[in-house]
2 protein chains.
Amino acid sequence: MANIQQVAQKAGVSVATVSRVLNNAPSVSPKTRLKVENAIRDLNYEPSMLGRNLRNSESRLLLVLLPSISNPFYTEIINGIQNTAIANSYNILLCETDSNPQRENIYFNMVKNKLADGVISMDPTVNMQKLNELAENHPVILCSEYEEGGCLPYVTIDNELAAYQAVKHLIKLGNEKIALINSDEKFLYARQRRNGYERALKEFNLPIRNEWIYHTKDLDFQNGVQAMRMLLQLDEKPSAVFAVSDTLAIGALKEVNMNGLHVPNDIAIVGFDNISFSNMTNPTLTTISQPMYRMGVIAANMLISSIKGDKVENIILDHELIIRESSMG
Amino acid sequence: MANIQQVAQKAGVSVATVSRVLNNAPSVSPKTRLKVENAIRDLNYEPSMLGRNLRNSESRLLLVLLPSISNPFYTEIINGIQNTAIANSYNILLCETDSNPQRENIYFNMVKNKLADGVISMDPTVNMQKLNELAENHPVILCSEYEEGGCLPYVTIDNELAAYQAVKHLIKLGNEKIALINSDEKFLYARQRRNGYERALKEFNLPIRNEWIYHTKDLDFQNGVQAMRMLLQLDEKPSAVFAVSDTLAIGALKEVNMNGLHVPNDIAIVGFDNISFSNMTNPTLTTISQPMYRMGVIAANMLISSIKGDKVENIILDHELIIRESSMG
DNA sequence: ATCGTAACTGTAATCGATTACAATTTTGTA
DNA sequence: TACAAAATTGTAATCGATTACAGTTACGAT
């Protein structure tokens, strides 16, 4: 593969001039430009990003941190990030931590080693202390999950309000025994959604019963199945379930069906995220729709601004309750 | 951020020695090593990949090309690729083409520009001519989708056989009117699966009827819904459907349910890929399981070998028919 | 013809690492 | 003690681009 020297030699100019042509500098005469362009074509030359990046001290890569690629919640966000990145001549490094600190470390090092110009973290399991340390020297944006009282810029939704509305919806439909399938409350979003759940119950003078609050380890379908299995074994079964993720809700739905019960007649279900599959279940799933694509776009724009050195503001986006069959027959 | 010179100065040694410490070269005395390590710690130094990559003429990034991240079929493959990459000190650049040639071009250029050391393409819509051109100068591996009679190394399964077995399974259950929901037959896997479908029908002297073969544009759930909608409008409805992807099959399942029909009693359904959702539908989906994780591992290993300059052989992996509720009540 | 200015081009330093080769120090042995 | 060999360290070139600055050329005005 040819390099810039060879192009310069072939065109009979200096490497500086070739570089100017490559970067569309205005001060190159048309004749010279033509000579260089011909040489580039003849040699099939492609500039090496390695040289350019070193000289410019940038990689034009954005690191996107997420716990697992298999949760469809992230796919639309990633689309938004990626489109925005490309529109700004960046690209993204998609990094799955599997909630494994060792993995996380590898990725943090990639940033420290200048292999990425900044980070968007969507990982609730991220080590916040280390992330904050990283943020002292490198741009970092939080997407969806953030740190209460922290100083890292974020884009998210109002989780408490969304949960409140979801549960209120169930109450309005006549449900009085509403269970919560939550994930681990070490996560901020889990605590916030629980707060929303409790606020709605209190507002309507419904009791908050601990045996109706189930915590899952992960957000896989299977965790939803297990959660519902437990709930169905209770003496006093709930008549409705609010799950903090569609994947959990779909697992729950599956388990209800397995037991020959009917959704929503026996048990109503509301999920969270509006993943594409939520419209394909039987019955279709009532859920909270987050503006995932837009969230991705905004996160990417925030990060790019931050890399440029601009100040960025936190953003809270609107959500929407999508009512489908799983809550109303 | 400190660089290697500053570390060298602080430690009172040359940059060469610092580099040796960084790379664990054996010929550094314990005393010197200690001095250098202290300097590194004191300065909070992290080596820049930009410099290292330029010097080594490598990026240690593998480019993974796929049409869309939202098809869950890819997620397990990606896991396999990523784990293998990390184990070999590589990382992956996940690149969604959206089947958009312009996007594709951007990614091809990243390889030409040395931003990635090689490519794993899982994109059936890829421009094979351009990919072949790229392969003249850069390592390229095909994963899952490959080129018949082409010269690019690949890892895949026997699509024709898998489809044959899936359809044979339906026949053995007594189905005689079996429809095929296929994707565009410009894709090799689609042609191969159709061949398998037809081979099974012929073997049992069942007629091949064109109105029972539906072609979808994409592989989204919605395409499956549409396909099934068409099939249900036929005068003579099929009693079973083989869909070449679980996403299509799940869409089809949804549409059958919507029409008040029962799966599998009225219509049996078999999918392809064994995505994690396929076990969560109601009824659960009979499908062909591809060894996705292993396929990813193998593809990554092939690519890394190829980057090293080793010769690599094509590999065809085993698949498995997973029988669930959607084919047998 | 001369000069000043604008337009263009080249020289060489630079980004931050690696490494061949040379130089130095240490070690072991006679 | 002296010397060869081995171990350790340093010098400087190198990867492939960008760019400040200097140098050259072209051209219109006087």
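The values are calculated or read from the model by the stated rules, or taken from the named source; none is laboratory data. None of the values given here were measured: they were computed from a predicted structure. Neighbour counts are summed over all protein chains in view; Cβ atoms, including those assigned to glycine, are modelled from backbone coordinates with ideal geometry. Accessible surface is based on the protein model in full, side chains and every heavy atom, while ligands, DNA and RNA are left aside. Shrake-Rupley method; radii C 1.70, N 1.55, O 1.52, S 1.80 Å.
Scan segment A:3-52 for residues that are surrounded by 15 or more Cβ atoms within 10 Å (Cβ to Cβ), outside any helix (DSSP H, G or I) and more than 9 Å from DNA strand C (Cβ to nearest atom) and the total you get is 5. Among the residues of segment B:286-306, those that are farther than 13 Å from residue B:142 by Cα and not hydrophobic (A, V, I, L, M, F, W, C) comprise B:286, B:287, B:289, B:290, B:291, B:293, B:294, B:305. Of the residues making up segment B:152-191, just one is farther than 25 Å from residue B:293 by Cα and among the polar types (S, T, N, Q), namely B:175.
Filter segment B:195-237 down to the residues that are farther than 18 Å from residue B:247 by Cα and of a type in the set (A, V, I, L, M, F, W, C) and list them by number. Write out each step before concluding.
Of segment B:195-237, the ones farther than 18 Å from residue B:247 by Cα are B:195-212, B:232-237.
Listed by number, the residues that qualify are B:200, B:201, B:204, B:206, B:208, B:212, B:232, B:234.
So, in segment B:148-165, of the ones that are in a loop (DSSP other than H, G, I, E, B) and open to solvent by 50 Å² or more (accessible area, probe 1.4 Å), which residue ends up nearest to residue B:231 (Cα to Cα)? Across segment B:148-165, the extreme among qualifying residues is B:158. Checking every residue in segment A:290-301 against the condition of being free of Cβ contacts under 8 Å to residues at least 40 places away in the same chain, closer than 29 Å to residue A:62 by Cα and assigned to a loop (DSSP other than H, G, I, E, B) gives zero matches.
Could you tell me whether residue B:70 is more than 12 Å from DNA strand C (Cβ to nearest atom), at the interface with chain A (Cβ under 9 Å from one of its Cβ atoms) and within 19 Å of residue B:122 (Cβ to Cβ)? Yes, satisfied.
Hey, among A:298, A:267, A:304, which residue is touching a helix residue (DSSP H, G or I) at 6+ places or on another chain (Cβ under 9 Å), open to solvent by less than 40 Å² (accessible area, probe 1.4 Å) and assigned by TED's automatic domain parsing to the domain that holds residue A:226? Give the steps one after another, and end with the answer.
Numbers: A:298 fails: assigned by TED's automatic domain parsing to the domain that holds residue A:226; A:304 fails: assigned by TED's automatic domain parsing to the domain that holds residue A:226.
It is A:267.
The single condition from (1) at pLDDT 95 or above; (2) within 16 Å of the chain's Cα centre (by Cα) that residue A:116 fails is (2). Among the residues of segment A:71-126, those that are in contact (Cβ under 8 Å) with a residue 12 or more places away in the chain, open to solvent by 10 Å² or more (accessible area, probe 1.4 Å) and of a type in the set (Gly, Ala, Ser) comprise A:89, A:99. The selection criterion, being at the interface with another protein chain (Cβ under 9 Å from one of its Cβ atoms), within 27 Å of residue B:16 (Cα to Cα) and of a type in the set (Asp, Glu), holds for residue B:46.
The single condition from (1) surrounded by fewer than 21 Cβ atoms within 10 Å (Cβ to Cβ); (2) among the small types (Gly, Ala, Ser); (3) outside the structural domain of residue B:144 (by TED's automatic domain parsing) that residue B:68 fails is (3).
Pairing residues of segment B:50-63 that are under 17 Å from residue A:112 (Cβ atoms) and near DNA strand D (Cβ under 8 Å from one of its atoms) with residues that are open to solvent by 10 Å² or more (accessible area, probe 1.4 Å) and of a type in the set (Val, Ile, Thr), at Cβ distances under 8 Å and at least 6 apart in sequence or on separate chains, gives B:51/B:4. Residues in segment B:166-187 that are open to solvent by less than 50 Å² (accessible area, probe 1.4 Å) and small (Gly, Ala, Ser): B:166, B:179, B:183. Residues being open to solvent by 10 Å² or more (accessible area, probe 1.4 Å), within 11 Å of chain A (Cβ to nearest Cβ), at pLDDT 95 or above and in a loop (DSSP other than H, G, I, E, B) are represented in segment B:127-143 by at least one member.
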